[in-house]
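Written out below as structure tokens is the structure these notes cover.
The values are calculated or read from the model by the stated rules, or taken from the named source; none is laboratory data. Nothing here was measured: the structure is a model prediction, and the numbers come from that model. All Cβ positions, even for glycine, are placed from backbone atoms using ideal geometry, and neighbour counts span all protein chains on display.
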């Protein structure tokens, strides 16, 4: 998929990047996909940044809560890219700890893991997901620059859990 196709998919989300806030963006993706996204922080191995899992009715994004909040947000957007770009999924039993799979009630889960080692992120779909995040970042910079002379408000990150209203439901 080329850059123009990725940009066109982002355009179809019809999201106003001047109003960007992570959970607001996730809400828009949920409406577009007609499918809920559940976020959950988990102390993953340091070799894994995040993983997207498609459940029967819900998309799950598990992110490594041992990483800095900026990395967590980037990884969440990367996993959202896999969802929006309709990337292939594969079995995750070898990647995720059994206690996480059991917690999420996804014993036969399929999805997309995101390893931390850049040498393991060379597939075309991983590159497309990174391009998706880059397009979003470029739109945020453009929106922020238009909104104020400093144009840096969007870079501010809140501290605390990213789970919020998108945390795992029990």
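Data overview
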item: Residue match in the stretch 70-86 (condition: in contact with a helix residue (DSSP H, G or I) (Cβ under 7 Å, 6 or more places away or on another chain), in a loop (DSSP other than H, G, I, E, B) and either surrounded by 14 or more Cβ atoms within 10 Å (Cβ to Cβ) or at pLDDT 85 or above (or both)); result: yes
item: Residues satisfying the stated conditions in the stretch 1-24, i.e. free of Cβ contacts under 8 Å to residues at least 60 places away in the same chain and not in a loop (DSSP other than H, G, I, E, B); result: 4, 5, 8, 11, 12, 19, 24
item: Matching residues in the stretch 31-57 - criterion: being over 14 Å from residue 68 (Cα atoms) and under 12 Å from the mean Cα position of the chain (by Cα); result: 37, 38, 39, 40, 51, 52, 53
item: Filtered residue count, the stretch 25-59, keeping only those that are out of contact with any strand residue (DSSP E or B) (no Cβ under 6 Å at 6 or more places or on another chain), closer than 18 Å to residue 112 by Cβ and part of a helix (DSSP H, G or I); result: 2
